[in-house]
Structure formats: C-alpha cells, structure tokens
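Heads up, the thing below is written out as structure tokens.
The values are calculated or read from the model by the stated rules, or taken from the named source; none is laboratory data. As the structure is a prediction and not an experimental result, all values here were calculated from the model. Counting neighbours? That spans all protein chains shown, and the Cβs are built from the backbone with ideal geometry, glycine included.
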Amino acid sequence: MKTLTTVLRTCVVVLALAGAPAAFSAESSQFSEAERRVFTDKHLAGLKDATTIEYSYQKSGSLEAVADDKIVVMIGVAKQSGGRSVKVEYLSGQRRFELPDVQDAESNPVILFFLERDVREMNRLTGGAARYYQKRIRMALAQSAQSKPVKIKVGSREVAATEVRLAPYRDDPARPRYEKFADKIYVLTFSPEVPGGVVELRSELVTRDGGESRIVIAESVRFVRSW
C-alpha cells in the first residue's frame, strides 16, 4: 500500500508538471533539491508569449542503431494563473512520442516527456513494468540524487547550471530481474540562463571490461535555440 507521503509526492509531481495550482505547496516545501529542480521549479517563468524552444535528440551506443532527431516545445501566452498551454512535438516518424498537450504548465513539459519515454523504453528493453521504473526514479530523486553547481557550454557561451545525477536502479534489491540495465544513470542539467530552464536531459548505460568503458546505450535531449 502506498504511504501518504508517496501519494502526496505523486500528486504534487503530476500537478507541477501539468502546471495546476500549487494545492500541495506546504508538502512541496519538504521536497529534496533534486525534486524541486525537476518537478516544481517554474522553468517557463519570464518567457515571452508564444515562445518556441528547439532541442536536439541523440541516441548512441552498441545496443541499437544511432539516431538523430529533434524536439519542438511550443509555449502559449501566459495566463493570469501564471501557467501556459504547451504543445510538444517529441521526435518524428517511428520514434514520435505523444502525450496530451499541457494546459497550464509552469514547469517545462519536456522533462515529463523525456522521463516518460525513458521508462517506456526500459519496459520495451527489459519487459519490466514502466510504473516500476517510474517509482524507482521518483524514489531516487527524493532520497539519493546528487545535485551540484556546474558550468556548461550552451552555444558559444558558458552558463551557470545545476546538475542532478541519479542512479535509480543501482541499489534496487530487484535488480537481478533487469541486471543488464541496472547501472543506468540519469544526468539532468538546468539553468535559468537558458529559455525553458532545461540545458540537457541525458540517460546513459556504460559497461566496463577491464580498463575500457563501452557505451551500451545513451540518449540525450539538449537545448538548441528559442524564438
């Protein structure tokens, strides 16, 4: 049975990503820094009306074919509530991934798209339930994710950012069920100096054979431009 804390955290995450009013603002103050960066920061604040943001998508590694694509996030006019309507075109062709448009967003929905698609890919690759992987990511953000300030290059300039790093499956007692993917990590980088707040969202699985590292699969979503 889910604990009350788990239920509240889940509700706040859903509401924050959807841009709904902060009905659980008292509970959200108990969030970890990683949770706040990912789920409740107002990434869209300060954007001009009708802003479009483009991200690149890259997939590499030995497991499957490499891929290059793009993501377009179309952000509407600011409402009195502070939220925006947002439409996301996430990848193209057979890779295209769709979720309902967000009607009152304050956080950047590209984060939700990235994480939701990732757990569905984990489901495809391992046969494990997507909801299970969702739970592991939520737990890691709440309990073990590491956040640190970094400098990162965006175009021709260097910006101050926050990097959130998590390994949600590494200490899972059930990891033998999906051992080949249990060391997968996520690195999420945010900066208020970048329109939409998201610099890069990355997942990566690396194996080490002796002294050599080999990328099994890596996927990244990275800010390109806005207009």
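At-a-glance table
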quantity	calculated
Number of the condition not met by Ala65 [criteria: (1) in a strand (DSSP E or B); (2) free of Cβ contacts under 8 Å to residues at least 12 places away in the same chain]	(1)
Residue, surrounded by the most Cβ atoms within 10 Å (Cβ to Cβ), within the range 16-43, restricted to residues that are at pLDDT 50 or above and outside any helix (DSSP H, G or I)	His43
Residue list for the range 188-227, filter: without any contact (Cβ under 8 Å) to a residue 60 or more places away in the chain and exposed (fewer than 15 other Cβ atoms within 10 Å of the Cβ)	Glu193, Val206, Thr207, Arg208, Asp209, Gly210, Gly211, Glu212, Ser213
Residues within the range 163-204 that are basic (Lys, Arg) and in contact with a Gly (Cβ under 9 Å, 6 or more places away or on another chain), tallied	1
Residue that is farthest from Tyr132 (Cα to Cα), among those in the range 142-174 that are hydroxyl-bearing (Ser, Thr, Tyr) and assigned to a strand (DSSP E or B)	Thr162
Unique match (being more than 18 Å from Asp41 (Cβ to Cβ), surrounded by 13 or more Cβ atoms within 10 Å (Cβ to Cβ) and touching a strand residue (DSSP E or B) at 6+ places or on another chain (Cβ under 9 Å)) among Leu112, Leu63	Leu63
Lys148 being in contact with an Asp or Glu (Cβ under 8 Å, 6 or more places away or on another chain) and surrounded by fewer than 17 Cβ atoms within 10 Å (Cβ to Cβ)	yes
Options Val7, Val13; residue that is surrounded by 13 or more Cβ atoms within 10 Å (Cβ to Cβ) and either assigned to a helix (DSSP H, G or I) or modelled with pLDDT of 50 or more (or both)	Val13
Qualifying residues in the range 123-145 (those that are of a type in the set (Gly, Ala, Ser) and touching a helix residue (DSSP H, G or I) at 6+ places or on another chain (Cβ under 7 Å)) - the one surrounded by the most Cβ atoms within 10 Å (Cβ to Cβ)	Ala145
Residue count for the range 84-119, restricted to those that are β-branched (Val, Ile, Thr) and either in contact with a Pro (Cβ under 8 Å, 6 or more places away or on another chain) or over 23 Å from Pro192 (Cα atoms) (or both)	4
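Residue by residue, here is whether (1) among the polar types (S, T, N, Q); (2) not in a strand (DSSP E or B) holds:
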position	(1), (2)
Glu116	no, yes
Glu121	no, yes
Arg138	no, yes
Arg177	no, yes
Lys180	no, yes
Tyr186	no, no
Pro192	no, yes
Thr207	yes, no
Ser213	yes, no
